[in-house]
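Taking it in order: structure first as structure tokens, then the write-up.
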Amino acid sequence: MDRNKIYGFEFTGNDGEFRLQNPDRSSFLYFPLVNEGGMMSTVTPKLHGQATTGHNTFLTPPLSVEDLHTSRASRNFWVYADGKGAWSATGNSAKQNAEFYSSSADEALLEAGFLWHRITRSNAVMGVKAVTTSFVPSGNDKIELMKVTLENTGSKTLTLTPTAVVPLYARSADDLRDHRHVTSLLNRIYTSPYGVEVQPALSFDERGHRINHTSYGVFGAEGDGSQPAGFFPVQEEFIGEGGSLDWPEAVVLNTAPDIGKGGGVQREGYEALGGLRFDPVSLSPGQSHSYVVIMAIESERINTNALIGKYGTAEAFDRLLEETKAFWAEKVNRVQFQTGEPDVDQWMKWVTIQPVLRRLYGNSFLPYHDYGRGGRGWRDLWQDCLALLIMEPAEVRSLLLNNYAGVRIDGSNATIIGQQPGEFIADRNNIPRVWMDHGAWPFLTTMLYLDQSGDLDFLLQKQTYFRDSFMSRCKERDASWNTTVGSSLRTDSGEVYEGTILEHILLQNLVPFYNVGEHNNILLEGADWNDGLDMAADQGESVAFTAFYASNLKDISQLLRILKQSKGQETIELAEEMKLLFDSLEESVNYESVSAKLGRLDLYYASAPNKVSGKRIALDTDKIADDLEKKAAWIFNHLRNNEWLQSEKGDGWFNGYYNNDGEQVEGEFSEGVRMTLTGQVFPIMGHAAAPDQIPHIISAVERNLLDAKIGYRLNSSFGGIQQNLGRAFGFAFGHKENGAMFSHMTVMYGNALYKRGYVNEGHKVMKSLYSLSSDFETSRIYPGIPEYINEQGRGMYTYLTGSASWLLLTMVTEVFGVKGKLGDLLLEPKLVKEQFDTEGRASINTIFADREFKVVYKAAGSFNYGEYQIHSVSLNGSEVTLQRVSGGAVIPRAELLSLQTGECHLIEVTLA
Ligand code: G1P
């Protein structure tokens with residue numbers, strides 16, 4: 001092994017396990033360790049990172065990605081070797097850092113899997129090897145565990161004095177800048193036979209100074225359960241005057257702790273440290289000895305006896321590690337792919353777990369995600385459900401139902417999401433802001449749910465609406481509202497109003513239809529999907545999302561017709577005020593006229609001013625469907641005529657935006673081409689792009705947005721800060737929402753291409769995501785899809801990204817074509833040659849109709865997409881009578897429901 005070389009990761013097993021040489025030669029690497037009980041840790045190759053259960057309860061100091069190399073406050077495990085001095089088993093010592101580029105540097109190897117992390121570090125001069133394994137046990141305890149095994153790799157007996165060290169920050173992230181010192185004075189530090197515990201007396205955070213109950217501890221034992229020899233509970237005493245955490249006096253001079261075996265001493269008012277000294281151990285050559293370290297967060301003082309009883313031996317550690325691996329394997333393996341590209345299949349397992357990680361971490365608590373308090377936004381809530389529909393489908397119905405309680409009667413929605421399902425909170429900061437894309441996502445997710453389940457009754461189920469002081473999409477304030485009146489919409493007579501889910505969906509998609517800017521596209525308002533387009537709230541328009549809403553209107557109209565046909569739903573019951581929005585039923589609005597649309601919207605706002613009459617009307621289902629279809633057709637026509645940019649190069653694309661000066665954003669200008677991927681994705685994904693426009697768009701994307709090094713950029717260079725569009729353009733070009741390869745939009749582009757039958761093109765896009773992410777030498781990330789790839793090709797904001805949900809969804813429903821069609825199972829494979837193995841097979845394990853299936857495609861003739869068709873299908877060995885639809889075949893749900901639950905059923909599909 002060459003210590004100076006950057007190696008890629010290699011998969012070593014069938015459950016995503018991988019290994020990586022020299023992991024400490026790449027900066028910014030980190031790995032998530034988490035459980036369903038709320039423990040959220042991060043660990044780096046040098047055991048840096050953090051451990052927390054929330055914004056106000058950090059065990060270690062909260063950090064941002066830069067702190068991984070600027071801060072010395074990491075987990076550490078020191079040994080003092082007689083005659084040789086101090087060495088850090090985690091690589092965090094001033095001496096090892098100084099020798100990092102020399103021939104006496106440590107060797108390091110990372111191995112990891114679901115969800116465990118192991119570093120093997122050895123040093124020839126010291127004659128020692130340390131294997132450090134970390135994980136957060138599955139279950140509900142807020143615990144992180146670490147086991148260190150020291151081995152004598154030299155030829156003489158080695159006497160080592162170990163000291164485990166974890167800085168105990170023990171408070172709110174807010175206190176990092178605000179009163180860090182004063183809050184250390186609150187610390188009450190206890191030592192007991194196995195470790196150090198801190199329970200600050202008060203909590204200083206925005207909630208005021210209150211008695212604090214949360215306790216934080218670091219405990220440890222030798223592998224056989226023997227107690228530590230002593231304790232260093234105060235950081236400044238451990239490091240010594242003038243010392244530091246990476247060259248601490250107590251270790252370097254091998255001084256004995258003041259507090260000896262058994263602990264029992266208390267300290268107050270200092271920065272705390274989980275410093276555990278162990279008895280010296282003499283290891284003959286080849287001999288090893290293990291230690292277990294437990295980091296714990298509890299809502300009250302920690303029951304150390306119980307904790308040690310459960311976690312305090314190497315035997316318990318190993319057993320719990322296996323349980324944890326099994327827990328995650330069960331989750332991840334609910335969806336599995338077996339193709340001609342086994343590395344891609346293993347990589348997909350890491351993508352599959354990402355939506356679960358986002359459910360657990362929110363968008364916070366990993367080093368790049370150094371913002372927020374763990375919550376997720378409205379958009380993410382709906383995106384994450386896409387993956388859950390595939391991974392944890394049983395829970396999704398109630399999630400979706402609850403989420404709809406966040407919709408306001410003006411079609412906008414709450415943006416602060418509470419802890420409980422369906423809990424939406426009024427914005428305390430009172431920031432009036434509407435993200436114009438928010439109304440578009442719920443229908444997309446709901447449609448997926450309806451297709452997977454056939455549960456059309458869901459549409460007719462009732463749900464409340466959200467209400468706060470904002471009305472008319474934040475243009476007006478309801479002076480009569482205050483927190484005491486609650487956040488549910490009420491009727492004139494004060495009753496809580498409930499409408500069907502269908503009513504919620506209609507509102508979300510109809511209100512934007514009227515809310516247009518001077519070019520007759522839907523107003524950008526606070527921003528759209530791109531949070532960074534936040535400086536065009538007056539005149540900005542999102543043409544991209546106008547296309548999305550129009551496609552929704554068309555799909556909803558089709559759904560209404562199905563509701564009538566299959567459920568006999570002749571009329572739809574709605575809040576009477578909504579009649580105004582179905583203009584074609586009575587007084588038609590001239591859609592060409594911006595002022596006429598806005599006028600109708602004002603009438604609607606006035607009729608439902610943060611309350612409703614409570615009266616319902618029944619409207620004819622067909623007439624509503626006609627109305628929606630008419631609106632959709634008008635938009636498609638409008639976009640094709642007015643927003644299509646014909647390039648001098650022969651191809652063309654859709655303009656995606658207008659800025660705050662009412663100017664068309666995209667086009668070929670003398671300073672260069674301005675183009676966005678977003679502007680193309682939604683017209684292709686829905687119905688706005690006419691079939692003959694798609695090849696032109698693909699050509700323009702390849703020409704203007706594809707960069708050989710970083711893939712499909714989110715936009716071309718606009719060349720300036722764009723004060724009339726948004727903060728994104730303040731970012732350097734090629735980073736994040738300004739021209740990086742932003743995975744979420746790229747995956748949606750791939751998805752859209754597959755949907756419209758551009759399979760080879762879609763595959764090229766998906767493959768680029770894999771290649772960029774897994775090319776470790778450049779991306780420097782562990783397996784999985786990052787939020788974006790920056791100008792240098794580095795993967796950024798790993799793990800927590802909505803792109804993972806979309807990638808998984810695209811693989812299952814488009815590439816493998818295993819998807820619901822209002823409850824029936826549609827098989828419509830769009831596999832390309834390289835995805836079949838040498839025997840012409842490609843398979844997927846997935847859940848459908850509450851049953852597990854393995855779908856095996858077998859190409860009997862050509863492996864090329866377009867040259868094969870479904871020839872025959874068998875279910876558990878018996879031939880299925882095929883119901884062919886264009887491009888695929890359907891198996892009726894009834895047939896699947898007759899199968900046993902709890903076992904895996906085999907569907908074999910011959911392609912010829
Ligand atoms: C993030 C946000 C997402 C937003 C996107 C673009 O993407 O989570 O809501 O639309 O930035 O601003 P993600 O990290 O999910 O890929």
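Is it the case that the stretch 775-786 has a residue that's within 27 Å of Ser453 (Cα to Cα) and either modelled with pLDDT under 95 or of a type outside the set (Asp, Glu) (or both)?
Checked the stretch 775-786: no residue is within 27 Å of Ser453 (Cα to Cα) and either modelled with pLDDT under 95 or of a type outside the set (Asp, Glu) (or both).
So is Glu498 away from the ligand (no atom under 16 Å from the Cβ), free of Cβ contacts under 8 Å to residues at least 60 places away in the same chain and not hydrophobic (A, V, I, L, M, F, W, C) or not?
yes
Each row is one residue, and each column tells you yes or no for (1) over 28 Å from Phe742 (Cβ atoms); (2) of a type in the set (Ser, Thr, Tyr); (3) within 16 Å of the ligand (Cβ to nearest atom).
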position	(1), (2), (3)
Asn530	no, no, yes
Leu533	no, no, yes
Gly540	no, no, yes
Ala550	no, no, no
Gln558	yes, no, no
Gln565	yes, no, no
Ser588	yes, yes, no
Ser593	yes, yes, no
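Go through the stretch 362-410 and report how many residues are modelled with pLDDT of 90 or more and among the small types (Gly, Ala, Ser).
6
In the stretch 380-402, what count of residues is obtained for those that are surrounded by 24 or more Cβ atoms within 10 Å (Cβ to Cβ) and among the polar types (S, T, N, Q)?
Counting residues in the stretch 380-402 that are surrounded by 24 or more Cβ atoms within 10 Å (Cβ to Cβ) and among the polar types (S, T, N, Q) gives 1.
Give me the pairs, please: first residue somewhere in the stretch 110-134 and within 19 Å of Met295 (Cα to Cα), second residue anywhere and of a type in the set (Phe, Trp, Tyr) and outside any strand (DSSP E or B), beta-carbon distance under 8 Å, and either six or more positions apart or on two chains.
Once the first residue is within 19 Å of Met295 (Cα to Cα) and sits in the stretch 110-134, its partners that are of a type in the set (Phe, Trp, Tyr) and outside any strand (DSSP E or B) give Leu115/Trp328; Thr133/Phe317.
How many residues are of a type in the set (Val, Ile, Thr), away from the ligand (no atom under 16 Å from the Cβ) and at pLDDT 95 or above when one looks only at the stretch 427-464?
Matching residues across the stretch 427-464 total 2.
Failed condition for Asp258, given (1) surrounded by fewer than 20 Cβ atoms within 10 Å (Cβ to Cβ); (2) more than 42 Å from the chain's Cα centre (by Cα); (3) touching a residue at least 60 places away in the same chain (Cβ under 8 Å), with all others met?
Only one criterion in (1) surrounded by fewer than 20 Cβ atoms within 10 Å (Cβ to Cβ); (2) more than 42 Å from the chain's Cα centre (by Cα); (3) touching a residue at least 60 places away in the same chain (Cβ under 8 Å) is unmet by Asp258, namely (3).
Assess whether Ile617 counts as being among the aliphatic types (A, V, I, L, M) and in contact with a Ser or Thr (Cβ under 7 Å, 6 or more places away or on another chain).
Criteria not met by Ile617.
Does Phe513 qualify as being crowded, with 19+ Cβ neighbours inside 10 Å, within 16 Å of the ligand (Cβ to nearest atom) and part of a helix (DSSP H, G or I)?
no
Contact list please: Cβ distance under 7 Å, first residue in the stretch 724-747 and in contact (Cβ under 8 Å) with a residue 12 or more places away in the chain and of a type in the set (Ser, Thr, Tyr), second residue near the ligand (Cβ under 10 Å from one of its atoms) and not in a helix (DSSP H, G or I), pairs at least six apart or on different chains.
Taking only residues 6 or more apart or on different chains, the pairs are Ser743/Ile785; Ser743/Pro786; Ser743/Glu787; Ser743/Tyr788; Ser743/Thr801.
Return the residue satisfying two criteria in turn: it lies in the stretch 732-746 and is more than 10 Å from the ligand (Cβ to nearest atom) and assigned to a strand (DSSP E or B), and of such residues it is surrounded by the most Cβ atoms within 10 Å (Cβ to Cβ).
The selected residue is Met741.
State which residue pairs qualify: first residue under 19 Å from Lys631 (Cβ atoms) and inside the stretch 519-535, second residue part of a strand (DSSP E or B) and within 16 Å of the ligand (Cβ to nearest atom) in any location, beta carbons under 9 Å apart, and separation of 6 or more residues or different chains.
So the pair list comes out as Asn521/Ser542; Asn521/Tyr657; Ile522/Ser542; Leu523/Ser542.
I need the strands (runs of 3 or more DSSP E) fully contained in the stretch 1-47, keeping only those with at least 2 residues that are β-branched (Val, Ile, Thr).
Those strands (runs of 3 or more DSSP E) span 40-43.
When you scan the stretch 194-240, how many residues do you find that are touching a His at 6+ places or on another chain (Cβ under 8 Å), closer than 21 Å to Val148 by Cα and of a type in the set (A, V, I, L, M, F, W, C)?
Number satisfying all stated conditions: 0.
Can you tell me how many residues within the stretch 94-117 are within 34 Å of the chain's Cα centre (by Cα) and part of a loop (DSSP other than H, G, I, E, B)?
Number of matching residues: 2.
For the stretch 853-862, enumerate the residues that are more than 18 Å from Ser886 (Cα to Cα) and surrounded by 19 or more Cβ atoms within 10 Å (Cβ to Cβ).
Listed by number, the residues that qualify are Phe853, Val855, Ala859.
Is it true that Ser493 is among the polar types (S, T, N, Q), within 16 Å of the ligand (Cβ to nearest atom) and either on the phi < 0 side of the Ramachandran plot or at pLDDT 95 or above (or both)?
no
Of all residues in the stretch 867-886, which are farther than 17 Å from Leu825 by Cβ and either touching a Ser or Thr at 6+ places or on another chain (Cβ under 6 Å) or modelled with pLDDT under 95 (or both)?
Across the stretch 867-886, the qualifying residues are Tyr868, His871.
Where in the stretch 218-327 are the strands (runs of 3 or more DSSP E), entirely inside, with at least 1 residues that are over 17 Å from Arg75 (Cα atoms) and modelled with pLDDT of 95 or more?
230-234, 266-268, 281-283, 288-298
When the stretch 530-577 is examined, which residues are found to be farther than 23 Å from Met745 by Cβ and hydroxyl-bearing (Ser, Thr, Tyr)?
Listed by number, the residues that qualify are Ser557, Ser566, Thr571.
List pairs: first in the stretch 373-400 and under 21 Å from Met811 (Cβ atoms), second among the small types (Gly, Ala, Ser) and within 16 Å of the ligand (Cβ to nearest atom), Cβ under 8 Å, 6+ apart or cross-chain?
Taking only residues 6 or more apart or on different chains, the pairs are Asp380/Gly802; Gln383/Gly802; Gln383/Ser805; Asp384/Gly802; Asp384/Ser805; Leu386/Ser805; Ala387/Ala804; Ala387/Ser805.
Taking the condition in a loop (DSSP other than H, G, I, E, B), basic (Lys, Arg) and crowded, with 18+ Cβ neighbours inside 10 Å, does Arg433 pass?
Spelling it out, it is not the case that Arg433 is in a loop (DSSP other than H, G, I, E, B), basic (Lys, Arg) and crowded, with 18+ Cβ neighbours inside 10 Å.
Please enumerate the residues belonging to the stretch 797-811 that are near the ligand (Cβ under 6 Å from one of its atoms) and either over 10 Å from Pro786 (Cβ atoms) or free of Cβ contacts under 8 Å to residues at least 40 places away in the same chain (or both).
Within the stretch 797-811, just Gly802 meets the criteria.
Return yes when Thr352 is over 17 Å from His438 (Cα atoms), hydroxyl-bearing (Ser, Thr, Tyr) and touching a helix residue (DSSP H, G or I) at 6+ places or on another chain (Cβ under 6 Å) and no when it is not.
So Thr352 passes the test.
Would you check if there is a residue in the stretch 824-836 being in contact (Cβ under 8 Å) with a residue 24 or more places away in the chain, within 16 Å of the ligand (Cβ to nearest atom) and of a type in the set (A, V, I, L, M)?
no
Would you say Gly672 is on the phi > 0 side of the Ramachandran plot, within 16 Å of the ligand (Cβ to nearest atom) and touching a Ser or Thr at 6+ places or on another chain (Cβ under 9 Å)?
In short, no.
Kindly establish whether Gly411 is small (Gly, Ala, Ser), without any contact (Cβ under 8 Å) to a residue 12 or more places away in the chain and under 27 Å from Ile572 (Cα atoms).
no
The values are calculated or read from the model by the stated rules, or taken from the named source; none is laboratory data. Keep in mind that this is a model prediction, so the values were computed, not measured. Because the Cβ atoms are built from the backbone with ideal geometry, glycine has one as well, and the counts that use them run over all protein chains shown.
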